Amino acid sequence: MSKFAANLSVMFTDAPFTERFARAASAGFKGVEYLFPYEESVRKLAVLLKKHQLTQVLFNMPAGDWYSGDRGMACLPGREKEFAEGVHQALEYALALDCKQVHAMAGKLDGKFTQEQQRECYIKNIQYAADVMVEHDINVLIEPINIRDMPEYFLTTQKQAELLLEFIARKNVFIQLDLYHCQIMEGDLLRTIERLWGKFSHIQIASVPERHEPDSGEVNYFWLFRKLNEMGYQGWLGCEYYPVGHTEEGLGWLRKARL
């Protein structure tokens, strides 16, 4: 049976962040993910997870100054020290929350550098993160993001991610396969899943094109859920979508998926 994780950065947002854990558990989720945990004490988050019997599935490494437009630092020459500090901060949280995978956001293209310079910087930074995390049995994830939602992002397609995996050459680096982004950039979702089998360790879902509940839009997620079950997918499905209204009112899809 598919395992669904609520993304607390976009779901249950009518409540303060720390109250969303209880809401997710009451709605039937067994796991949670979110963008960043760093504004909360790691001890407080650990208590919430234990209290509500939730698995911490995923979160992002620090991504720079988000409100000033940063979307990660991995591909940005000159910020390697800041990236490395973020790796160790993420490790601290991952260990305390028993989280086995963290996502390293790539960052945006910068005209001050050639794409080759940014590519080499990205590869070296992800290798560094992987080497730190592997000692603790933690995976580092890389995620292609579509150019409509995040213009100028460095990593945009699954094919690009596949090629980067070859050069990164670390056993604990995997693709974070967001089917919303993949459908916008490439489509052909089942064949992409088949091609990438063994190269991704986490899947995220949302309707296309509006990024709402997965029972709307152009993608037949229920069919894909069945296919993933038949293929033996053991990972989580992260629900990174923006509810149309009150989160609980839109969870009919979750009940249907569990049937």
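The values are calculated or read from the model by the stated rules, or taken from the named source; none is laboratory data. Not measured: the values here are computed from a predicted model. Backbone-built Cβ (ideal geometry, glycine too); neighbour counts: all protein chains shown. When the accessible area is computed, the model is the full protein with side chains, heavy atoms only, and any ligands, DNA or RNA have been set aside. Shrake-Rupley method; radii C 1.70, N 1.55, O 1.52, S 1.80 Å.
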Scan F167, F174 and give me the residue that is of a type in the set (F, W, Y) and touching a strand residue (DSSP E or B) at 6+ places or on another chain (Cβ under 7 Å).
-> F174
Reported set for segment 128-145 where residues are open to solvent by 40 Å² or more (accessible area, probe 1.4 Å), part of a helix (DSSP H, G or I) and either in contact with a strand residue (DSSP E or B) (Cβ under 6 Å, 6 or more places away or on another chain) or of a type outside the set (F, W, Y) (or both) is D131, V134
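Looking at segment 97-124, which of the residues that are within 19 Å of the chain's Cα centre (by Cα) and hydrophobic (A, V, I, L, M, F, W, C) is surrounded by the fewest Cβ atoms within 10 Å (Cβ to Cβ)? Quick ask: steps written out before the conclusion?
At the first step, the residues of segment 97-124 found to be within 19 Å of the chain's Cα centre (by Cα) are 97-108, 122-123.
If we keep only those that are hydrophobic (A, V, I, L, M, F, W, C) too, we end up with 97, 99, 102, 104-106, 123.
Values: L97: 21, C99: 23, V102: 22, A104: 29, M105: 27, A106: 29, I123: 17.
Taking the candidates together, the pick is I123.
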Filter segment 165-178 down to the residues that are outside any helix (DSSP H, G or I) and among the hydrophobic types (A, V, I, L, M, F, W, C), then identify the one that is farthest from A104 (Cα to Cα).
-> A169
Taking segment 146-164 only, how many residues are open to solvent by less than 10 Å² (accessible area, probe 1.4 Å), in a loop (DSSP other than H, G, I, E, B) and within 25 Å of K227 (Cβ to Cβ)?
-> 1
Conditions (1) touching a Gly at 6+ places or on another chain (Cβ under 7 Å); (2) within 18 Å of L228 (Cα to Cα): number failed by F174 | (1)
Any chance G64 is in a helix (DSSP H, G or I), at pLDDT 95 or above and of a type outside the set (K, R) = no
P77 vs. criteria touching a helix residue (DSSP H, G or I) at 6+ places or on another chain (Cβ under 6 Å) and farther than 30 Å from G31 by Cα = yes
Selection from segment 43-64 of residues hydrophobic (A, V, I, L, M, F, W, C) and open to solvent by 30 Å² or more (accessible area, probe 1.4 Å) yields A46, V47
Could you list all residues from segment 236-247 that are open to solvent by less than 70 Å² (accessible area, probe 1.4 Å) and either touching a residue at least 40 places away in the same chain (Cβ under 8 Å) or touching a Ser or Thr at 6+ places or on another chain (Cβ under 8 Å) (or both)?
-> W236, L237, G238, C239, E240, Y241, P243, T247
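Please list, ordered by residue number, the helices (runs of 4 or more DSSP H) wholly in segment 179-235 having 2 or more residues that are among the charged types (D, E, K, R) and open to solvent by 20 Å² or more (accessible area, probe 1.4 Å). Even if it seems obvious, please write down each step before you answer.
Values: elements: 179-185, 189-196, 221-231.
Per the criteria, 189-196, 221-231.
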